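One structure is given here, and the rest of the page talks about it.
The values are calculated or read from the model by the stated rules, or taken from the named source; none is laboratory data. Keep in mind the model is a prediction, meaning the values are calculated, not measured. Here Cβ is always computed from backbone atoms with ideal geometry, including for glycine, and neighbour counts include all displayed protein chains.
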């Protein structure tokens, strides 16, 4: 399929696996996310199993994420590498992080587009619900992995596996490179949190001037309306169980039952 698996291994929850492949140009990488998920579902289906990319398929165990590692190169030089920088990340890299953190609530609905995605953002299960950056704290929205001149990168950990990869990549890069910078003191360690329910995420998205700038007010409104319609299919108070309507309306696993009809 034009790209190679880099590594995979079991994760914390039962039957949960992490899958990784090498970096690529941004649009091609988004294509590869779609291909990888499609292939995984098809192969699992052929073997009598179901591959699930729902953020929180089972209550009481760790949910699934789509940790998105990004870097910026110019003339084939990684702009995020600085051997003498904090965590060996350059000022450009830290500015990228600061812009993501500043607009974290604005882009949250893009990175976490379903009702079920907000079940995952539970701090009891290593979920990255804290709007801060860290090299080690896995509860942080953004992490700075160990890297070198070639591999130095920023990891946005709050992305849900059912997020649209094209919108996700666009919003992360557009925000990280051109977004506003906050005047909050100690932004990278501020005690702020991502919402634990889709409704406040929708409200933040609708009110965001930054979203209106990068998507246009028409797309902003249409996207918010679609997510509101999806949210209205589920009870506002989510409770402790994953509802069948979440699976049916918010996850493509149901589409597998339709494949044989075409």
Original post:
Residues in the stretch 1-15 that are in contact (Cβ under 8 Å) with a residue 40 or more places away in the chain and either part of a strand (DSSP E or B) or out of contact with any strand residue (DSSP E or B) (no Cβ under 7 Å at 6 or more places or on another chain) (or both): how many?
Top reply: 3
**OP:** Can you tell me which residue within the stretch 136-149, out of those that are more than 14 Å from residue 90 (Cβ to Cβ) and touching a strand residue (DSSP E or B) at 6+ places or on another chain (Cβ under 7 Å), is surrounded by the fewest Cβ atoms within 10 Å (Cβ to Cβ)?
**Re:** 145
Subject >> Breaking point among (1) more than 22 Å from residue 135 (Cα to Cα); (2) out of contact with any helix residue (DSSP H, G or I) (no Cβ under 8 Å at 6 or more places or on another chain), for residue 27 >> reply: (2)
Subject >> residue 56 vs. criteria surrounded by 15 or more Cβ atoms within 10 Å (Cβ to Cβ) and in a loop (DSSP other than H, G, I, E, B) >> reply: yes
Original post:
With (1) surrounded by 13 or more Cβ atoms within 10 Å (Cβ to Cβ); (2) part of a helix (DSSP H, G or I); (3) under 19 Å from the mean Cα position of the chain (by Cα); (4) at pLDDT below 95 as the list, and residue 34 as the residue in question, which single condition is left unmet?
Top reply: (1)
Original post:
Looking at the stretch 80-126, which of the residues that are assigned to a loop (DSSP other than H, G, I, E, B) and surrounded by 21 or more Cβ atoms within 10 Å (Cβ to Cβ) is nearest to the chain's Cα centre (by Cα)?
Top reply: 112
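Of everything in the stretch 206-258, what is outside any helix (DSSP H, G or I), modelled with pLDDT under 95 and surrounded by 13 or more Cβ atoms within 10 Å (Cβ to Cβ)? Give them in sequence order. Before the answer, list the steps.
First, pick out the residues of the stretch 206-258 that are outside any helix (DSSP H, G or I): 208, 216, 233-243, 251.
Filter once more, keeping what is modelled with pLDDT under 95: 233-243, 251.
Result: 233, 234, 238, 242, 243, 251.
For the stretch 188-203, how many residues are part of a helix (DSSP H, G or I), surrounded by fewer than 19 Cβ atoms within 10 Å (Cβ to Cβ) and either without any contact (Cβ under 8 Å) to a residue 40 or more places away in the chain or in contact with a helix residue (DSSP H, G or I) (Cβ under 9 Å, 6 or more places away or on another chain) (or both)? Working first, answer last.
First, the residues of the stretch 188-203 that are part of a helix (DSSP H, G or I): 188-189, 198-203.
Going one step further and asking which of them are surrounded by fewer than 19 Cβ atoms within 10 Å (Cβ to Cβ), we end up with 188-189, 199-200, 203.
If we keep only those that are either without any contact (Cβ under 8 Å) to a residue 40 or more places away in the chain or in contact with a helix residue (DSSP H, G or I) (Cβ under 9 Å, 6 or more places away or on another chain) (or both) as well, we get 188, 199-200, 203.
Total meeting the criteria: 4.
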Subject >> Out of 45, 62, sole residue that is surrounded by 12 or more Cβ atoms within 10 Å (Cβ to Cβ), touching a residue at least 40 places away in the same chain (Cβ under 8 Å) and assigned to a helix (DSSP H, G or I) >> reply: 45
Original post:
Taking the stretch 174-187 on its own, how many of its residues are surrounded by fewer than 21 Cβ atoms within 10 Å (Cβ to Cβ) and assigned to a loop (DSSP other than H, G, I, E, B)?
Top reply: 7
**OP:** Go through 171, 151 for me and flag whichever is under 15 Å from the mean Cα position of the chain (by Cα) and either touching a residue at least 60 places away in the same chain (Cβ under 8 Å) or in a loop (DSSP other than H, G, I, E, B) (or both).
**Re:** 171
